[in-house]
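Below is one structure, written out as structure tokens, with a few remarks after it.
The values are calculated or read from the model by the stated rules, or taken from the named source; none is laboratory data. All values reported here derive from a predicted model rather than from experimental measurement. Reconstructed Cβ throughout: ideal geometry from the backbone, glycine too, with neighbour counts over all protein chains shown. These area figures cover heavy atoms from the full protein model, side chains too; ligands, DNA and RNA do not enter into them. Shrake-Rupley method; radii C 1.70, N 1.55, O 1.52, S 1.80 Å.
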Amino acid sequence: MDSSFLAVFGLVALTGALGSELRRDGYQFRPPEGFHMVRWEQYSGSRVGAVSLEADAPRALSAALTDGESPDAATLMVSVVERGFTASPSSRDEFAAAVMQHFQRDLGLTLSPERVERLGGAVPRVEVLGTLREAGQVRTVLVAGLASEGRHAVVAVSAPAVRWEELEPRVRASLETFRLEPTTAAGPVPRRLMGALAGALAGALVASYTAWRRRRVRQGT
């Protein structure tokens, strides 16, 4: 971690730009200030954003947050994968490839990669930063795989490209607060609503909460 990032993180911490701690499914972190959980029953069981290096790994979306309901809203999603992840140099390219495949195969979207990094810190992670176009809007997407034994978390953040410079310090400071309790036992993954909601959640991930609501109206739900 370089000194410039430490300076940014220190500034963010001092200005209180992170929200209250969120505890869920064996992990805890402080989301960026202004982000709040959406109604969870609409999301339970989806695998959107749950990137895994192993296709058969049990995994599911665990939390979905947004900072608004306008087309300019950003979203943050946390998924838990019931497999360990080391964030090693060898896993860097594998994780990046898995992210691209997830967007293309599972979401039907093309993510254009801009940067892939392996970062140290209290919780080492691999980050994939890219952009995509959805409904005429260019979005910046950051997908981070956080190292842990037995099970690990994947955090996916999507925001309009014009907002990313302002949001990035808070997002990265938030990732530094993430802690997940390791386990060697794979737990059950909820499967209800996995089909239709996966499509709806793709809208929440890459467009906006408003666009996601329009999709649900068209689907008659």
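Structure notes:
- Efficiency of FRET between S70 and E21 - r from beta-carbon atoms, R0 25 angstrom, step 0.05: 0.40
- By accessible area, using a 1.4 Å probe on protein heavy atoms only, the range 43-165 has 48% of its surface on carbon and sulfur.
- Around V78: net Lys/Arg minus Asp/Glu count, Cβ-Cβ under 9 Å: 0
- Per residue accessible area in Å² of the range 44-151, where ligands, DNA and RNA are left out and the probe is 1.4 Å: 38
- Label separation (V162 vs Q104): 3.1 nm, computed from points 7 Å beyond Cα along the C-beta direction.
- Shape analysis of the range 69-134 places it in the prolate category; the axes a ≥ b ≥ c from the Cα gyration tensor give an a/c of at least 1.5, with a/b above b/c.
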